[in-house]
Amino acid sequence: MEQAEGSEGVIESAEEFVRLRQSSDPRDYRRAAVEEASEEVWLDIITHFPDERAAVAQNKTIPVPVMEALLTVGEPRVRFMVAMKRKLSPRLLDILAHDEDESVRLQVARHRNATKEILESLLADSWSEVRSVASERLSAM
C-alpha cells in the first residue's frame, strides 16, 4: 500500500490525522484507523479536535494513557468505543463498569478481560441486561 508523501506509517500530527479522516481516499481513511501516533499527537487531537475523539477511540494502536484521556471527555459513544478495546486493563474496566451510560456498562460485562470482581459488581447494575450478561459470564467461569 502506498503511503502519503512524507509518511512512514506513523501519524505525525493532529492535523495529519484530521486530513486522513476527511480524505475521500479509502487508503487515507484506513491509515487513520491503523497507524500509530505519539501519545502527544493523540492527546492533541482529543483536546483540539473534539469531533475526532470517536475516531481516535477506533484507532487500533492507541496506548492505555490515551484510552484514559478518552474516558474523561464526557461522551458516552467514545467511552463505549473505549470499552470495546481488547487491551483494556482491569483498572479501566472497573472505571467503565461504573459509567453512567448503560451501554458502556453492558460492553464491560461482555468484555473478555472483565474480572470476576468486576462481573460481580455488575450483578447489582440498574439495567437488567447488564445483570443478565454479567451473570452468564460468571456462570461460565
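The values are calculated or read from the model by the stated rules, or taken from the named source; none is laboratory data. What you are looking at is a predicted structure, and each value in this text was computed from that prediction instead of being measured. Cβ coordinates were reconstructed from backbone atoms using ideal geometry, including for glycine residues, and neighbour counts include every protein chain displayed.
Residue under question is LEU96, and the condition is that it be under 21 Å from ILE62 (Cβ atoms), under 21 Å from the mean Cα position of the chain (by Cα), modelled with pLDDT of 95 or more and outside the structural domain of GLU68 (by TED's automatic domain parsing); does it hold? Criteria met by LEU96. Put simply, of ALA109, ALA57, ALA83 the only residue that is touching a Phe, Trp or Tyr at 6+ places or on another chain (Cβ under 9 Å) and modelled with pLDDT of 95 or more is ALA57. Any residue at all in the stretch 16-23 that's at pLDDT 95 or above, touching a strand residue (DSSP E or B) at 6+ places or on another chain (Cβ under 8 Å) and of a type in the set (D, E, K, R)? For the stretch 16-23, residues at pLDDT 95 or above, touching a strand residue (DSSP E or B) at 6+ places or on another chain (Cβ under 8 Å) and of a type in the set (D, E, K, R): absent. Among the residues making up the stretch 77-101, those that are assigned to a helix (DSSP H, G or I) and either surrounded by fewer than 15 Cβ atoms within 10 Å (Cβ to Cβ) or touching a residue at least 60 places away in the same chain (Cβ under 8 Å) (or both) are ARG77, PRO90, ARG91. Select from the stretch 103-121 the residues that are assigned to a helix (DSSP H, G or I), surrounded by fewer than 19 Cβ atoms within 10 Å (Cβ to Cβ) and out of contact with any Pro (no Cβ under 9 Å at 6 or more places or on another chain) and list them in ascending order. Within the stretch 103-121, ARG110, LYS116, GLU120, SER121 meet the criteria.
Take ALA37 and decide whether it is of a type in the set (Gly, Ala, Ser) and not assigned by TED's automatic domain parsing to the domain that holds GLY9. No.
For the stretch 33-57, the set of residues classified as buried (at least 17 other Cβ atoms within 10 Å of the Cβ) and closer than 22 Å to ALA109 by Cβ consists of ALA57 only. When you go through SER103, SER126, SER132 one by one, which is the residue that is polar (S, T, N, Q), closer than 17 Å to ALA54 by Cα and touching a helix residue (DSSP H, G or I) at 6+ places or on another chain (Cβ under 9 Å)? Only one candidate qualifies: SER103.
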